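The values are calculated or read from the model by the stated rules, or taken from the named source; none is laboratory data. As the structure is a computational prediction, the values presented were derived from the model and not from experiment. So basically every Cβ, Gly included, is an ideal-geometry build from the backbone, and we count neighbours across all protein chains shown.
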Amino acid sequence: MKILITNDDGVFAPALPKLMRWAQKYGEVVAVAPKVEQSGKSHAIDFMHPQEIKQVEIAPDLVAWSMDSTPADCIRYALDQLGRDFDLILSGVNRGYNLGGDIVYSGTVGAIFEGIRQGIPGIALSGFPTAHIDAIDHLDRVFDFIQQHGLLSLNPLYNVNIPPEAGEIRITRQGGIYFTDRFVPIGGDLYIQEGEPDIGDLSDTTIDIAAVHSGYISITPLSATRTEMTVFEKLRVI
């Protein structure tokens, strides 16, 4: 297997070397990651400016490509310049959960959307902000589950969130708004966005937010298409 890894926390994020070394047990690993943090950049690309792209040493005997752009652009560069024979994209492990409707903002998830646009399946990986590196310790169990149940043969995109005290694995669906945000004035004409998780009702652990905050590892199948197929089928006869 040939695995392409990226993230939105940056090429020097501490989780990247550990994820690369973990993935090496499954085959050849190539990493292309943003030069600086790109959180919240979703599926954005930059075709307006030149982009610095170079190899950097991120740990002893471990090299990754650094790209001065977004996670989606990292995938685009890899597939255009480093070969299209990748079998799987791993994006993360993100420093913070990607849950509910807020995944639309996620550069971590945006990267796998770009991958499947070009025919490569992908898994987005996220963990609790202060324990996201430790989430990698649970990936053997996650990937055993994925392989045992043939998940990638059923759907090419999955969003995985791993809490610190990771319990059982649960297949989940995307919940609603996860963060409540506000614009906070910080002086002059400047504002900064702040927010906190809105966990809500934890009773239905088929929802990703409730599952993770109840201690489950959440695996959510995703779709990259924006077409509402039920309505399309009704309207196509018009």
Just one listed residue, out of Leu82, Leu88, is over 29 Å from Ile209 (Cα atoms), surrounded by fewer than 24 Cβ atoms within 10 Å (Cβ to Cβ), out of contact with any Leu (no Cβ under 7 Å at 6 or more places or on another chain) and of a type in the set (A, V, I, L, M, F, W, C), and it is Leu82
Per the filter on region 14-52, residues of a type outside the set (Val, Ile, Thr), part of a loop (DSSP other than H, G, I, E, B) and without any contact (Cβ under 8 Å) to a residue 40 or more places away in the chain are Lys35, Glu37, Asp46, Phe47, Met48, His49, Pro50, Gln51, Glu52
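Every residue, every condition in (1) among the β-branched types (Val, Ile, Thr); (2) in contact with a helix residue (DSSP H, G or I) (Cβ under 7 Å, 6 or more places away or on another chain), yes or no:
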residue	(1), (2)
Tyr178	no, yes
Tyr191	no, no
Ile209	yes, yes
Val212	yes, no
- request: Would you check if Val11 is outside any helix (DSSP H, G or I), under 16 Å from the mean Cα position of the chain (by Cα) and at pLDDT 95 or above?
  value: yes
Taking first residues from region 224-237 that are touching a residue at least 24 places away in the same chain (Cβ under 8 Å) and closer than 23 Å to Gly122 by Cα and second residues anywhere that are among the aromatic types (Phe, Trp, Tyr) and surrounded by 10 or more Cβ atoms within 10 Å (Cβ to Cβ), the pairs with Cβ under 7 Å that are 6 or more apart or on different chains are Ala224/Phe113
Within region 91-102, the residues that are touching a Leu at 6+ places or on another chain (Cβ under 8 Å) and either free of Cβ contacts under 8 Å to residues at least 12 places away in the same chain or not polar (S, T, N, Q) (or both) are Gly92, Val93
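Does region 68-87 contain at least one residue that is among the small types (Gly, Ala, Ser) and assigned to a loop (DSSP other than H, G, I, E, B)?
Within region 68-87, one or more residues are among the small types (Gly, Ala, Ser) and assigned to a loop (DSSP other than H, G, I, E, B).
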